[in-house]
Every structure is written in C-alpha cells, then in structure tokens.
Amino acid sequence: MTTVEDPVLWVYVTAADAEEARRIGRALVEERLAACVNLLPGHTAIYRWEGRIEEAAEAAFVAKTTAARFEALRARIRALHSYTLPCLLALPAARGDAEFLAWVRAETARAEG
Amino acid sequence: MTTVEDPVLWVYVTAADAEEARRIGRALVEERLAACVNLLPGHTAIYRWEGRIEEAAEAAFVAKTTAARFEALRARIRALHSYTLPCLLALPAARGDAEFLAWVRAETARAEG
Amino acid sequence: MTTVEDPVLWVYVTAADAEEARRIGRALVEERLAACVNLLPGHTAIYRWEGRIEEAAEAAFVAKTTAARFEALRARIRALHSYTLPCLLALPAARGDAEFLAWVRAETARAEG
C-alpha cells in the first residue's frame, strides 16, 4: 500500500539494446511496478573494462514509480536484465505536477493492496 | 524574487511531438520561467490506457529553473500543453557549477521582481 | 578517499557537439572522475542571448560519480570545455541498485587514495 505522500522517483536504467529496454519496460508497466516508461534513443556508453576504456552502443529507459515500489522494481529489472550489473539509479522528484504525481501513485498501487 | 540559495531544478516534461516541445520550450524561456530548455530527441512511451498496455511516439524536454519559479512554470506548461496530464517532474540539483547555478537564478529572476 | 555511504550523483552536462562530449567523457573515465559516461544523442538548446531567444544544436552526456569526487569532476569539465559556461548539474540518486552504487564508488576511488 502507498500513502498520498509516497515520493515519486525518476529511475534511469541502461539496457543492452532497444529491444531489451522495450521488453523490460513493458513488463514493468504490465506488473504496475512503473506507471509509465520512456524508451530513450540509443546512446554510447564509456566505461573501464579490464583496465581499458571501452565504448559501446546501448539503450536506456526511464521508469516513473514511487519509493514504496522501488525495491520490487529494482529486483524485477535485475531478474529480466541481460547485464550482470545494469546502471540503475533512482532520482527523486522534489516537485511535480500534483495530478501527475497522484497518477503515478495510483498506477503503481498494487491491485491486491 | 529569488535568493542566492534558491535550489535549481532539472525539470523533465513530455510532449506530444517535437513541435509541441519546441513551442512550449520557447515560451518558457521567453517568459523567464526557465533559463534554458533542451529539446530531447523523440522517445517511445509505454503506459496503461483503459486496461491495455500502449506504446506511442512522443517528445520530451528538460527545463532548467529554480524552486521559486517552479509553480509558475508548472502552471504555464499545463496551460500550453495538449495533454490532459503531461509527465512533469522536477529533479533537484544537489550540486552544480556555481556559475551555472547563478546564471539559472539570474535568467529566471522576474524583470518586475 | 570515499566512504561506503558516499552519495552517487547522476551529472548532466551539455557540450558543443558529439565530439566534445566524447573527448570530455573519455577523460573523466580515464581519470576515474566518473565510473561511466553515457553520450546522449544530440538535442536542441533554447536560451536567451543578448536579449534574443536562440536555438542551437548541441550534445549532452551523463557522468555517474560520487559526491566526494564531484568538485574534481566539475573542475576538470570546466578545464576541458569549449563553453564559457556549460550546463553542469548533479542530480542525487536517492536509491539505486546496491551493487551498482558500490561499483560507482569503487571505480571512482583514487588509485593513490
């Protein structure tokens, strides 16, 4: 169960490609772990791997959810993801449109709650 | 009026398409509700609508403003927007370049303030 | 030196073009000022310049780092950047995947620390 004041999070997640982002994103909305997901256009990741700097094409998506649902969303993303360690960061919304915040909370409330 | 310590916000907003994002973004800068706006490349939104999972092409933009100006920015976006309920989330900047933060505050200070 | 609880930041930075974003992004990872960088696809910036509203194509990247490393990252970006005043905002991660947060902290720990 969520309360009216449950903080809304803007969660940034990387994925191997657009198809993986779409597959995970759809699951999150279907399972009410996110109110909506935005599949971002592809980007290039720069990171260190075995001592070398690598560049690779990948995808990212943003999931809008609540703090109360974050842990379930996080675990589900990890379970569905091809990466051993995806980038998964939740940025808190300090402010927002009150109707939109209420919609995110309602969409992610558990049916069985 | 804003104070030196007025928090700077990174505001994420979705729009129906690139033209709507551009029209709203220009108005926000013209009216000093945002110091600058970045019109992001298009993305795909996934959401639930009347019980079904839908996917739709849409646009998004980021507006950089201050907490003091957020409510006026929010109301203006709602007034200009074609959506009944746009995604509108303000993520606070915990840190930033001090000169850039000062520039955002100066650009969004009201002329009549 | 960083502690286990050092906050992780999602840092949004604009650049003149994709090549500048890549050049700065690689330097940040090479110097362990960021654990990884995502070079985002190009966007259009809207801003006021000498009293007129301008639009210009530019690039942006996201650097994932820690609060302890932020000041060094900020100074390095300013030193490498062609802009007099780039957009440089650090959004704090309220939550994240614990393994990913630990990886960001480990990657950005100074070799000489």
Being in contact with a Ser or Thr (Cβ under 6 Å, 6 or more places away or on another chain), within 14 Å of chain C (Cβ to nearest Cβ) and aliphatic (A, V, I, L, M) is the filter here, so list the residues in the stretch A:68-113 that pass it. A:Ala68, A:Leu73
Could you list, in sequence order, the residues of the stretch A:31-45 that are touching a Lys or Arg at 6+ places or on another chain (Cβ under 8 Å) and not polar (S, T, N, Q)? A:Glu31, A:Arg32, A:Leu33, A:Ala34, A:Ala35, A:Cys36, A:Val37, A:Leu39
Does A:Thr65 satisfy the condition of being among the hydroxyl-bearing types (Ser, Thr, Tyr) and more than 12 Å from chain C (Cβ to nearest Cβ)? no
Of all residues in the stretch B:84-110, how many are within 15 Å of B:Val11 (Cβ to Cβ) and without any contact (Cβ under 8 Å) to a residue 60 or more places away in the chain? 0
Need pairs with beta-carbon distance below 7 Å; first residue without any contact (Cβ under 8 Å) to a residue 24 or more places away in the chain and within the stretch C:64-83, second surrounded by 17 or more Cβ atoms within 10 Å (Cβ to Cβ); sequence gap 6+ or separate chains. C:Arg74/B:Asp97; C:Arg74/C:Leu88; C:Arg78/B:Asp97
Name the residues in the stretch A:1-23 that are β-branched (Val, Ile, Thr), touching a Lys or Arg at 6+ places or on another chain (Cβ under 8 Å) and at pLDDT 95 or above, would you? A:Val8, A:Val11
For C:Trp49: the one exception among (1) touching a residue at least 24 places away in the same chain (Cβ under 8 Å); (2) more than 7 Å from every other protein chain (Cβ to nearest Cβ): (1)
Only one residue in C:Leu33, C:Leu39 is at pLDDT 95 or above and facing chain A (nearest Cβ under 9 Å). Which one? C:Leu39
Kindly provide the set of residues from the stretch C:52-62 that are without any contact (Cβ under 8 Å) to a residue 24 or more places away in the chain and either more than 8 Å from chain B (Cβ to nearest Cβ) or closer than 26 Å to A:Pro41 by Cα (or both), ordered by number. C:Arg52, C:Glu54, C:Glu55, C:Ala56
Can you list the strands (runs of 3 or more DSSP E) lying wholly within chain A that have 2 or more residues being buried (at least 16 other Cβ atoms within 10 Å of the Cβ) and β-branched (Val, Ile, Thr)? A:8-15, A:36-49, A:52-66
Being at pLDDT below 95 and of a type in the set (Gly, Ala, Ser) is the filter here, so list the residues in the stretch A:50-70 that pass it. A:Gly51
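The values are calculated or read from the model by the stated rules, or taken from the named source; none is laboratory data. Every value quoted in this text rests on a predicted model; they were computed, and no experiment measured them. All Cβ positions, glycine included, derive from the backbone under ideal geometry; neighbour counts span all protein chains shown.
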